Amino acid sequence: MKLSKSIDDKMDEMWERRQNQILEPLGIKSDGANKKWNIKIKSQLIYELMDLIEKYLTEKNPRLLKRYNSAWEYPPKRFIILRGSPDRRKQQAKEWMNEAISQGVKKDFIYILWKGDKCLYVGQSTTGGNRFGGHHKSDPWMNAHRLEVRIAKNKKQLDFLECMTIHLYSPFYNSVLVHKQSGRSPCEICKKLRKVEDELKFTFALK
Ligand SMILES: [Zn+2]
């Protein structure tokens, strides 16, 4: 199904449920008479709708995708297979990248933790392999099988590249969108998402 149609259908369902909630106490039967509307259903449907809108805004934006795809150093992708405990894996990643950097690879990159074709986590580094040490979250490292690194041509693009990678792959462990982190200027997709999320919360407010 086309994304725009899915978005339209999802909103129709929300209107129907909301309308039913208003009319049911008056004894008026509307189309979606058995469909409930409560805080749990509302949160779930807004979450699903925002996910569709995020996909739509990212996939239907050739200008941004072109900027994204041309922002990487060649070769654009590097992978290693991760083995052992989370700490061992981080150490392995750190040594691998620092070795590459000692041979001339730039130290500014986006990294992606994968489990099969499922994206678990996206992050950025301006400090080479040292980013993988210390207090970095354990869960994605425990569950990932593979680390991908994409080197950025320009350090100034890292926030944009990290944000776009998150929009493209919806990583399981990046629960907080980059635009909600302090000190970041939101990318244009984040700006649109924030606006529409505010509108939805206002439009479908529950007492
Ligand atoms: Zn963004």
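For the chain, the relative contact order comes to 21 percent (Cα pairs under 8 Å, sequence separation of at least 6). Applying the Karplus relation 6.51 cos²θ - 1.76 cosθ + 1.60 with θ = phi - 60° to the stretch 97-107 yields 3J(HN,Hα) values of 6, 5, 5, 4, 5, 5, 9, x, 6, 5, 8 Hz, where x marks Gly and Pro. The phi-based Karplus calculation (6.51 cos²θ - 1.76 cosθ + 1.60; θ = phi - 60°) puts the 3J(HN,Hα) values of the stretch 114-131 at 10, 10, x, 9, 8, 7, 9, 7, 10, x, 10, 9, 10, 10, x, x, 4, 4 Hz, whole numbers, x for Gly and Pro.
Cross-link check: pairs Lys155/Lys192; Lys55/Lys118; Lys10/Lys42; Lys107/Lys156 evaluated at a Cα-Cα cut-off of 19 Å; pairs beyond the cut-off: Lys155/Lys192. Karplus-based coupling profile of the stretch 152-165, in residue order and whole Hz: 8, 5, 10, 3, 5, 8, 4, 4, 4, 5, 5, 4, 5, 5, with θ = phi - 60° in 6.51 cos²θ - 1.76 cosθ + 1.60 and x standing for Gly or Pro.
For Ser102 and Glu16, the difference between the fully extended length at 0.36 nm per residue and the C-alpha to C-alpha distance is 25.0 nm.
Stretched out straight at 0.36 nm per residue, the stretch from Leu206 to Asp51 would grow longer than its current Cα-Cα span by 53.7 nm. Taking every alpha-carbon pair in the stretch 74-207 and binning the separations at 10 Å intervals from zero gives 12, 39, 32, 11, 5, 1, 0 percent.
The distance between label points at Gln91 and Asp198 comes to 4.8 nm (points 7 Å beyond Cα on the Cα→Cβ vector). Database remark: amide H of Leu120 closer than 5 angstrom to the amide H of Leu113, Trp114, Lys115, Phe172 (H placed geometrically; neighbours at sequence offset of 5 or more, or on other chains; Pro and chain starts carry no H). Of the trypsin sites (Lys or Arg not before Pro) in the stretch 72-101, which ones lie in a loop per DSSP and count no more than 12 other C-beta atoms within 10 Å? Within the stretch 72-101, the qualifying trypsin sites (Lys or Arg not before Pro) (loop, at most 12 other Cβ atoms within 10 Å) are Lys77, Arg83. Dividing the mean sequence gap of close Cα pairs (under 8 Å, 6+ apart) by how many residues the stretch 1-82 holds gives a relative contact order of 28 percent. Amide H to amide H, with H built 1.01 Å from N, Lys153 comes under 5 Å of Trp72, Glu73, counting only residues 5 or more places away or on other chains.
To the nearest 20 debye, what is the magnitude of the charge dipole of the chain about its Cα centre, counting +1 on the Cβ of each Lys and Arg and -1 on the Cβ of each Asp and Glu?
460 debye
Every number in this text was worked out from the coordinates using simple rules, so none of it is lab data. Computed from a predicted structure; not experimentally measured. We place every Cβ from the backbone using ideal geometry, glycine too, and count neighbours over all the protein chains shown.
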